[in-house]
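What follows is a set of notes on a single structure, which appears directly below.
The numbers here are math on the coordinates, done by the rules we state, and not lab data. Keep in mind that what you see is a predicted model, and the values were worked out from it rather than measured. Note that we place each Cβ from the backbone using ideal geometry, even for glycine, and neighbour counts take in every protein chain shown.
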Ligand SMILES: [Zn+2]
């Protein structure tokens, strides 16, 4: 068990989350004996070199591993995009609460492990020892390559130092209810702009701007911290535990909001950590 002492949480740049009232206090409720601070977004005022690095870790073909990706040009336009990045392009529906599959396909994907490697080089040397844990909320959508089905999958979290939690991933990575996809197919078929909220599914999935994302974010920070407590294996099989690895949004809402607790095993581990730290 790694006894870290400080947790640094970097806000997302789009600034859509409530770190002050929900996320940081939410994490403090669990980790009672360590210092948790809130910081400015990790990628602010980036230079050309970092922007070029970000362009180079984009994934354009999700069915190929990183070393077989088509090379993306570090064009002026791409570098400019990274330097001035403020929010993912979602087909002009930025503030709209409705998003669709068509829009998701236009999101730029980045290799999550390579982004983590880049971020690691940017952490101040005084804070790169095991006393410190860095958790970066990032609006870019990250993905990781799976050897199992030989393709990239959108991810919400990549654990390690730093851990990266993708705010776009929270909405896009766990699958929405089946009815939602049916609805999108219908919309695509009829090419209709009528995206009136389907009341039967609205509570079962998350969309951009949903306040519940803040409570979900607490759960992901807990997973990032348990990554160190459990030596790299923070996920739980109990769907009533906040460390449950949800693949569906309904599961995510259940474990993070409806039950909002840790299972016995993880509660004991946390208690141990807090006792040693205090
Ligand atoms: Zn658990």
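Values for this structure:
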item: MRE, 222 nm, helices only [DSSP H, n ≥ 4, -39500 (n - 2.57), over the chain, to nearest 500]; result: -9500 deg cm²/dmol
item: Segment 6-277 - percent relative contact order, Cα under 8 Å, separation 6 or more; result: 20 percent
item: Taking 131, 111, 139 and counting other C-beta atoms within 10 Å, the order from fewest to most; result: 131, 139, 111
item: As computed over the chain, the Cα convex hull volume per residue (Å³); result: 139 Å³
item: Exposure proxy order (Cβ contacts within 10 Å, fewest to most) of 255, 60, 278; result: 278, 60, 255
item: Residues 248, 180 arranged by fewest to most Cβ contacts within 10 Å; result: 248, 180
item: Within the chain, percent of DSSP bridges classed antiparallel, to nearest 5; result: 30 percent
